[in-house]
Structure formats: C-alpha cells, structure tokens
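Enquirer: What follows is a structure written as structure tokens; I'll ask about it next.
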2 protein chains.
Amino acid sequence: MLKDLSKEELKELESSLRREYEALKAEGLKLDISRGKPSKEQLDLSMDLFTVLTPLSDMISEDGFDTRNYGCLTGILEAKKLLADLLDTKPENVIVFGGSSLNVMYDTVSKAMIHGIMGSTPWCRLPVVKFLCPVPGYDRHFSVTESFGIEMVNVPMTDDGPDMDLVEKLVSEDGSVKGIWCVPKYSNPGGTVYSDETVRRFAALKPAAKDFRIFWDNAYNVHHLDVDRPREILNILEEAEKAGNPDIVYEFGSFSKITFPGSSISAMAASEANVADVTSVMKNQIIGHNKIAMLMHARYLKDKAGILNHMRKHAAILKPKFDIVEETLTEELGGLGIGTWSHPEGGYFVSFNTLPGLAKKVVGMMKEAGVTMTGAGATYPYKKDPEDSNIRIAPSYATVEELKKAIRIFALVVKLSSAEALLDR
Amino acid sequence: MLKDLSKEELKELESSLRREYEALKAEGLKLDISRGKPSKEQLDLSMDLFTVLTPLSDMISEDGFDTRNYGCLTGILEAKKLLADLLDTKPENVIVFGGSSLNVMYDTVSKAMIHGIMGSTPWCRLPVVKFLCPVPGYDRHFSVTESFGIEMVNVPMTDDGPDMDLVEKLVSEDGSVKGIWCVPKYSNPGGTVYSDETVRRFAALKPAAKDFRIFWDNAYNVHHLDVDRPREILNILEEAEKAGNPDIVYEFGSFSKITFPGSSISAMAASEANVADVTSVMKNQIIGHNKIAMLMHARYLKDKAGILNHMRKHAAILKPKFDIVEETLTEELGGLGIGTWSHPEGGYFVSFNTLPGLAKKVVGMMKEAGVTMTGAGATYPYKKDPEDSNIRIAPSYATVEELKKAIRIFALVVKLSSAEALLDR
C-alpha cells in the first residue's frame, strides 16, 4: 500500500515518477481514450450493409411499403422485428426511429415537457421537475435533462444497480420526480448488470407522479465481451406488465455500436398505451424515419442470431483491449491502495476511482501528457463528482498499441498524483 | 357559364351528370391524388445512390470525418456544400440534418418553445404565441404549430406571395406574432412564386418581437416543370443581410423529392448567429445526423449542375402529368364559371377553387367514387377553409392513366355539385 510508505520513500518515488512523467510529456503524444466510439476495425465489420441492397430488385417492406417513399410513421415491420430481437421484446411494442437513440430520448423528454404524458400536465408548466440519476452514469443523459432545466438527484450505484431503497423512497414520496435514467446492462461507465431483484423492484415502483417514467437505455443489451457467456437481465416490459405497471417504462436501444453510429436505426419499446401516446405527438413531427436504413439493417442482420453472430466479431476486437486495461492496471496499481476499477463483462467502459480529490488532477495531467480522457466529473450530473474521484476509461477507439501506452501513462499519473497527495497530508 | 343556364337546362344537365356519376361509383375505382409523393418511376431515377459507395474504399469526408462513426454535429463539409447549392447559399450557413425537413421545422419550433431564441423568453412561458399562415398553405406546417398550441392567423395569398401589407402590419404591431410559414417558390398548394418585392419586404420586416422568425420552407427551389425555364426568387438570406436583418429567417430544404423522401438529407440555412444558437441546443439532442446518407448524396448528386440534371429527369415524368390536369380541367370546365385553378411552373400541386361552399362536398363525392383527395380544408389552419372552396390536387403519385381518369371524375363531380348548388339557389 502506497500509504504505508515512509515520507522519504514516498518522496523518492514521487521524484522518480515525476521524471518519468516529464519525459513522457516531452514525447508529444496524441492519444484519445475519451469516448465510447467503435474503432475503424469494428466499423469495417459492417461494410456489407451497403451491398445488401444491390442488385436493387426490391425495396418493398414485408408490410408492403415502398421504403423509398413517404409514409409508415412507426417503422417497417422487419425493422420492428429486428429491434424487438435486439431488445428481447415484441414488434408491436416497438417504434422505429432514426440513427440516434439519444435523439429519441431527448425528444421523449421534450414531448413530456410540452405535451405531457398521456394527458398529464406538461412538465414545462410545473414549478419543479426532477430526474433521478444513478451515479456514476452517462454524461449525455445528464446533458439532456440539464438542458431542459430538470433538477437532477444523485442515486448511488451498487453492484446490483441503483440503490433501490433510495429510488423507491424518492419515487413514491416526491411527485416532482418524473423520471430516472437507467443503463441496465453493462452500465456506462461502471459495467454494472442490474440484478433480477433490481429489475423487479423497478417494475413494481409505486410513483407519486402518475407520469413518472423509467428511461431504460438498454444500449448494451448484446454488447458482451464474451458472447458465449452473456449476462442476461430480466425483461423490464414483461416485469412491469406482471406488476400491473405496464406503462411505467420507456426502453431505448439502437444499432449504433453494432453497425454505424449515427447512421443506423434506433427504437423505443414500450406498452401499447405508451406507443399510442408517443405516436400521437410524433405524427406532427415527421412523416416517417429513414426506411431505407431500416430495410438495410433488417436484411443485413436478419434476426437475433444474426445480431449475436455480428457481436461476436465486435467482441473479438474489443475483448483484447479490455484485457489490456485490466492487466495493465492490475500490474501497475494492484495492491497499492490508490485506485479501484470495474471489471466489465460487456459494454464500452471501465470505471476507475482514484483516491478522493484526484480525478480532475489526473485527467488534467493526462491531457498535458497528450492523452485525452473523458472530463473528470462528466459521469455526474452538472459535472460535479462530489468525491472528485471517478474517471471513465474508453478502450474501444484506440489501437491496441495506443491503448497499452495510454493505460501505462494513466497508471503512472495515478501513482504520481497519489504520491503527491499522500506527501501533502 | 353554368349559372346562365335556365332551371330546366340545369336540371337536365344535373340528371345526366348524376347518372354518369352513379355509373362511375359502381366501377369501384381506387385512385389516390391526395399527397405530394413521387411516383415509383421517379424513385427509380435515384437507385444509383446505393451503388455510389461501392466499391467501398473510402468513407472519409472532405473535412476528415469517418462518416461511419460518431461525431460531426452540423454535418460533413461536402453535404453542407451540396445543400448550399440546393438553396443557393453558402456552406457556412448550413446545418445538415436527417431525412425530414418537417422534423427540422418541428424541432425548431420546439426549441423556441422550450429554450427560446437567442436568449429570449421561451414561448411556452408566454400567454399567447401566434404564427401567420399564408392561405391556402401546407397542411403539415399548420399541424406543427397547432400541436404546440400556437395561434394561427390567416394571411391571404396573392399572385406575388402573401399579402405583405397585412404581414407588415401584423408583424410590426403584435409582439405575440413570432413566426410565419412560407413556401416561397412553387408554393404548396398554389404554385405561387414570391416576387422580388415580396422577398425584399420580408427581408425588411420590422417585427415587434425580436424573436420573430420567417420559416422559409424552400421545399421546391429546383423542382421546375421546365428546367430550361426555371423561375428564380431572390435569396432571402442575402436580402435579409442587406436589410440589416440577418437573423430574421430560418430557411429549410431537403432532397426528399429529389432522391428518396424520408431517407435523404435536409438542412436549415441561416445567419451565423442563428446557426450558433440552434447548434447550442442541438448539441444536447444528438451527436450527429446520418453522415453516410450525407456522403451518399454528396457523391451522387455532386453539385448544382448535378442536382439540376437530376431534376430534369423528374420534370420529364412530372410535366406530362401536370399537362393532363391543365388540359382536362380546361376542356371540361373552361368557361363554365364554376372553378378556377392554378397553372404551376413547378412544385407538386394544383390548387383548385370551387364555387363557395362546395369543396367538402366535392372531396366527399370523390371519395365515394373511389378517388382519394387531400381533405377539403386541409390547406387552412385548423382545417377550416372559410369559403369551403379550396381543393389541393396532387398529380405526381398516380400513373398517367390513373390521373387522366381521376381528373375527369373530378371535373364531373365539380360540374354535378355546382349544378346542384345552382339549382338550390
């Protein structure tokens, strides 16, 4: 443990790490492990998406729409089936949207703000609207709610998902709590997989606000690092129905990290009543989303087996990168007592916790050494990590060589800043 | 003139037309001239859009983005250039969006409702927000504003565009007037081309509300029926800048009726300050729109010349259809004094006016005879045509044979209902 070293030992270590760090800075590196972006190699996996429509004999959907023309508000049948396969739900519960599930979530909040949910008072007319935010969480979720002036309330994550005692208390007691952001599987950034009990407790919530909704961003449902040993979660739509709460959840998903981010198709899955409510507003917004992208995805990925087969290829590229992170951190920081990190079985991130008060400093020093990381604090609402300790590592985009280098530097910087902090005590 | 016939003559005519109509009804036709949809033949023109990316060597944009990955909020450079060509503006004034310009317009109103425009009070906090609606106009524009509870005020169209005396008066005197819907070229449904004076007067408006915006839906800028004799309008962005009013207008456009409706790309074009304002909100909504669709369109259509070359092929299909409408109506109704209609040089519609009080009846009788038309009243806010006389004819989707039949039936129904009305006097 670093804290067990004597002051002199610490000082010596600090000096030697400092020299190493200054030498690194002089190298003028340019590395990026900030965002959960697929690598070029992963993007190359899906290039046949473009040839699936050639030769171009037939652009008609299973339900008879010419995908090249106007119409079909909620999406063509085969796209609903494919997205139902992705989210383990039924086609009739699916609305198909464009390439960005973030946009769908934003629009869903926007609709609630202006039109209300199922006839309830539009949120923009209420004095206070609150969202629960399991932390650490996904920065872009928090930006959405912040942009609408929605007050965000932190809820700590446990190994089984959000602290459900707190969620139940807040949701049932406070009618201004209108929603909660959830990434139920391989969560961003912690890699947490919600336990069956957590999902059941979500499904059985008794909200004070009848227009409370769970925003269930099932972004990584099939993004296993080992496709043969997938983690599975209970189906929230089914559990909610069983609990007599069918309308409590909006589920979201997309093919962004399966084919091409931003150019794929996405979905909301929800109860029949929610689908009708969302559609009633959506019909004034658009005539129909990109049906050609829908057709391409349906014909290319085909079904659940096709999706999993494709994810196996992604895993073959991603798993070695996650292994590098795990191995390097263990090798460099194991037993030192200056950091803990997640050991995800899927998704796109490793979540790292420094000693309290060091995250900003570490990310800043990484920047100076030429390595861009997600901003410290980004995993918390208002970018305020109360402990200033959480850092998100995104191993996917960098090459293996770049990643090795970046994580070694990261470990060095964590050691150096921790040594400095311990000296300052 | 029908009105000059004696009662007996009218009665005889009515009986004979009625017999003809009843015989038609018995045929069980199924024709549709309701929506401005391209025909299959037109869609077939753009099938090479899918092969432009194969062989798949390079998916990188001119400004260095891998179009297959996240990023690039406002669109890749070549798409901005192409949309600038479409709208006769500059790439730096363009934000590129997904396939639906209607969605862009909806989102623009939505943003103003929730976030306000350039720091002004969000419209949802104001007691009354009004939009001016030149009539007859585009039904989906009116649905957007109606869905937000915005009060719509009719402004009559003239041959040169909206009645600008009235527009100037309302905009300068009433601070609750926040916008106006315009289709400045080959307007929907009238086919009107705004005169230079009209555009200049729009550019020089002195609104009481500093967050007043002209919603300039330039949907048909290159949709000439004779590409060698195009109608041109003044550039509103340039005129607004000259008039010291650079921020007064949001311009919209898309490739929906050029390649594939709903699956193409669209744009907002606006001043630098407007672009910055819109982008500041948009950054919370989406990471980036479909860049692969952008790349496909840029590589396929290339530039203004490429766009016009493509539009020539559309015109070759559309012009004969518009000719059928014009010739049939002239032949059947010319000189009878029971209807007037537009003679568009571009766009997608013919606007027809019956004798007052007959539009709903005519559309209903068409339906009974198996011909679907746009609902009477749809060209007015709240679907209320005060004269009940305007009917929109959309000749594009039907085949030439279907269209001939549909317009003959239409002329018959107009004659029959007019004869009945004249008998009822």
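The values are calculated or read from the model by the stated rules, or taken from the named source; none is laboratory data. Every value quoted in this text rests on a predicted model; they were computed, and no experiment measured them. Here Cβ is always computed from backbone atoms with ideal geometry, including for glycine, and neighbour counts include all displayed protein chains.
Enquirer: Suppose we filter segment A:49-83 for residues that are in contact (Cβ under 8 Å) with a residue 40 or more places away in the chain, assigned to a helix (DSSP H, G or I) and over 24 Å from B:I286 (Cβ atoms); how many remain?
Expert: Result for segment A:49-83: 2.
Enquirer: Quick one: in segment A:85-111, which of the residues that are within 11 Å of chain B (Cβ to nearest Cβ) and more than 15 Å from the chain's Cα centre (by Cα) is nearest to A:D388 (Cα to Cα)?
Expert: As a first pass, look at segment A:85-111 and keep what is within 11 Å of chain B (Cβ to nearest Cβ): A:97-107, A:109-111.
From the residues that got through so far, the ones that are more than 15 Å from the chain's Cα centre (by Cα) too are A:97-99, A:107, A:109-111.
On the way: A:F97: 37, A:G98: 36, A:G99: 34, A:D107: 31, A:V109: 29, A:S110: 31, A:K111: 34 Å.
Here the residue is A:V109.
Enquirer: Which ones in segment B:48-83 are among the charged types (D, E, K, R), under 27 Å from the mean Cα position of the chain (by Cα) and assigned by TED's automatic domain parsing to the domain that holds B:I292? Quick ask: steps written out before the conclusion?
Expert: The first filter runs over segment B:48-83 and keeps only residues among the charged types (D, E, K, R), leaving B:48, B:58, B:62-63, B:66, B:68, B:78, B:80-81.
Checking which are under 27 Å from the mean Cα position of the chain (by Cα) leaves us with B:48, B:78, B:80-81.
Of everything in segment B:48-83, those that are among the charged types (D, E, K, R), under 27 Å from the mean Cα position of the chain (by Cα) and assigned by TED's automatic domain parsing to the domain that holds B:I292 turn out to be B:E78, B:K80, B:K81.
Enquirer: Among the numbered conditions (1) among the polar types (S, T, N, Q); (2) within 14 Å of chain A (Cβ to nearest Cβ); (3) surrounded by fewer than 19 Cβ atoms within 10 Å (Cβ to Cβ), tell me where B:N290 comes up short.
Expert: For B:N290, the exception is condition (3).
Enquirer: Residue by residue through segment B:145-194, note down the ones that are among the hydroxyl-bearing types (S, T, Y) and either within 14 Å of another protein chain (Cβ to nearest Cβ) or closer than 20 Å to B:I248 by Cβ (or both).
Expert: So the first thing to find is which residues in segment B:145-194 are among the hydroxyl-bearing types (S, T, Y), and the list is B:145, B:147, B:158, B:172, B:176, B:186-187, B:192, B:194.
Matches in segment B:145-194: B:T145, B:S147, B:S172, B:S176, B:S187, B:Y194.
Enquirer: What about B:G347, is it more than 14 Å from B:G75 (Cα to Cα), within 14 Å of chain A (Cβ to nearest Cβ) and of a type outside the set (A, V, I, L, M, F, W, C)? Spell out the reasoning first.
Expert: Values: more than 14 Å from B:G75 (Cα to Cα): yes; within 14 Å of chain A (Cβ to nearest Cβ): no; of a type outside the set (A, V, I, L, M, F, W, C): yes.
Against the criterion (more than 14 Å from B:G75 (Cα to Cα), within 14 Å of chain A (Cβ to nearest Cβ) and of a type outside the set (A, V, I, L, M, F, W, C)), B:G347 does not qualify.
Quick grid of which residues meet (1) among the aromatic types (F, W, Y); (2) in contact with a helix residue (DSSP H, G or I) (Cβ under 8 Å, 6 or more places away or on another chain):
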residue: A:E8; (1), (2): no, no
residue: A:L13; (1), (2): no, yes
residue: A:E20; (1), (2): no, yes
residue: A:S46; (1), (2): no, yes
residue: A:F50; (1), (2): yes, yes
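Enquirer: Further question on the same structure: Regarding A:K313, is this residue more than 17 Å from the chain's Cα centre (by Cα), among the charged types (D, E, K, R) and either surrounded by 19 or more Cβ atoms within 10 Å (Cβ to Cβ) or over 30 Å from A:L87 (Cα atoms) (or both)? Break it down stepwise before answering.
Expert: Details: more than 17 Å from the chain's Cα centre (by Cα): yes; among the charged types (D, E, K, R): yes; either surrounded by 19 or more Cβ atoms within 10 Å (Cβ to Cβ) or over 30 Å from A:L87 (Cα atoms) (or both): no.
In short, no.
Enquirer: Restricting the search to segment B:3-42, which residues are within 14 Å of chain A (Cβ to nearest Cβ), more than 29 Å from A:M47 (Cα to Cα) and of a type outside the set (D, E)?
Expert: Answer for segment B:3-42, where residues must be within 14 Å of chain A (Cβ to nearest Cβ), more than 29 Å from A:M47 (Cα to Cα) and of a type outside the set (D, E): B:S34, B:R35, B:G36, B:K37, B:P38, B:S39.
Enquirer: Still on this structure: Which count do you get for residues in segment A:214-241 that are aromatic (F, W, Y) and touching a Lys or Arg at 6+ places or on another chain (Cβ under 7 Å)?
Expert: Let us first name the residues in segment A:214-241 that are aromatic (F, W, Y), namely A:215-216, A:220.
Restricting the remaining residues to those that are touching a Lys or Arg at 6+ places or on another chain (Cβ under 7 Å) gives A:220.
Counting residues in segment A:214-241 that are aromatic (F, W, Y) and touching a Lys or Arg at 6+ places or on another chain (Cβ under 7 Å) gives 1.
Enquirer: Here's something else I'd like to know. Out of all the residues in segment B:388-399, is one or more in contact with a Cys (Cβ under 6 Å, 6 or more places away or on another chain) and closer than 30 Å to B:F148 by Cβ? Break it down stepwise before answering.
Expert: Let us first name the residues in segment B:388-399 that are in contact with a Cys (Cβ under 6 Å, 6 or more places away or on another chain), namely none.
Among the residues of segment B:388-399, not one is in contact with a Cys (Cβ under 6 Å, 6 or more places away or on another chain) and closer than 30 Å to B:F148 by Cβ, which makes the answer no.
Enquirer: Go over the candidates A:V249, A:V227 one by one and state the one that is more than 14 Å from chain B (Cβ to nearest Cβ) and either of a type in the set (D, E, K, R) or in contact with a strand residue (DSSP E or B) (Cβ under 9 Å, 6 or more places away or on another chain) (or both).
Expert: Numbers: A:V227 fails: either of a type in the set (D, E, K, R) or in contact with a strand residue (DSSP E or B) (Cβ under 9 Å, 6 or more places away or on another chain) (or both).
After ruling out the rest, the residue left standing is A:V249.
Enquirer: Assess whether B:G370 counts as being in contact with a Lys or Arg (Cβ under 8 Å, 6 or more places away or on another chain), surrounded by fewer than 21 Cβ atoms within 10 Å (Cβ to Cβ) and touching a residue at least 60 places away in the same chain (Cβ under 8 Å).
Expert: On the way: in contact with a Lys or Arg (Cβ under 8 Å, 6 or more places away or on another chain): yes; surrounded by fewer than 21 Cβ atoms within 10 Å (Cβ to Cβ): yes; touching a residue at least 60 places away in the same chain (Cβ under 8 Å): yes.
The answer is yes for B:G370.
Enquirer: Hey, can you tell me all the residues within segment B:257-278 that are of a type outside the set (A, V, I, L, M, F, W, C) and over 30 Å from A:C72 (Cβ atoms)? Lay out the reasoning, then the answer.
Expert: Let us first name the residues in segment B:257-278 that are of a type outside the set (A, V, I, L, M, F, W, C), namely B:257, B:259, B:261-264, B:266, B:271-272, B:274, B:277.
B:S271, B:E272, B:N274, B:D277, listed by residue number.
Enquirer: Hey, another quick one. Out of curiosity, is B:V325 touching a Lys or Arg at 6+ places or on another chain (Cβ under 8 Å), in a helix (DSSP H, G or I) and not hydroxyl-bearing (S, T, Y)? Walk me through it before giving the result.
Expert: Values: touching a Lys or Arg at 6+ places or on another chain (Cβ under 8 Å): no; in a helix (DSSP H, G or I): yes; not hydroxyl-bearing (S, T, Y): yes.
No: the conditions fail for B:V325.
Enquirer: Let me ask another. Looking at segment A:120-238, what helices (runs of 4 or more DSSP H) fall wholly within it and have at least 3 residues that are in contact (Cβ under 8 Å) with a residue 40 or more places away in the chain and more than 30 Å from B:K111 (Cβ to Cβ)? Lay out the reasoning, then the answer.
Expert: Details: elements: A:139-147, A:164-173, A:196-203.
Result: A:196-203.
Enquirer: Identify, please: which residue in segment A:146-163 is under 24 Å from A:T192 (Cα atoms) and aliphatic (A, V, I, L, M) and is, among those, surrounded by the fewest Cβ atoms within 10 Å (Cβ to Cβ)?
Expert: A:V153
Enquirer: Still on this structure, I have one more. List the number of the failed condition for A:L45; all other conditions in (1) within 14 Å of chain B (Cβ to nearest Cβ); (2) surrounded by 14 or more Cβ atoms within 10 Å (Cβ to Cβ); (3) closer than 17 Å to A:L295 by Cα hold.
Expert: Here A:L45 clears every test but (3).
Enquirer: Further question: Output the residue which, of all residues in segment B:116-130 that are in contact with a strand residue (DSSP E or B) (Cβ under 7 Å, 6 or more places away or on another chain) and within 14 Å of chain A (Cβ to nearest Cβ), is surrounded by the fewest Cβ atoms within 10 Å (Cβ to Cβ).
Expert: It comes out as B:V129.
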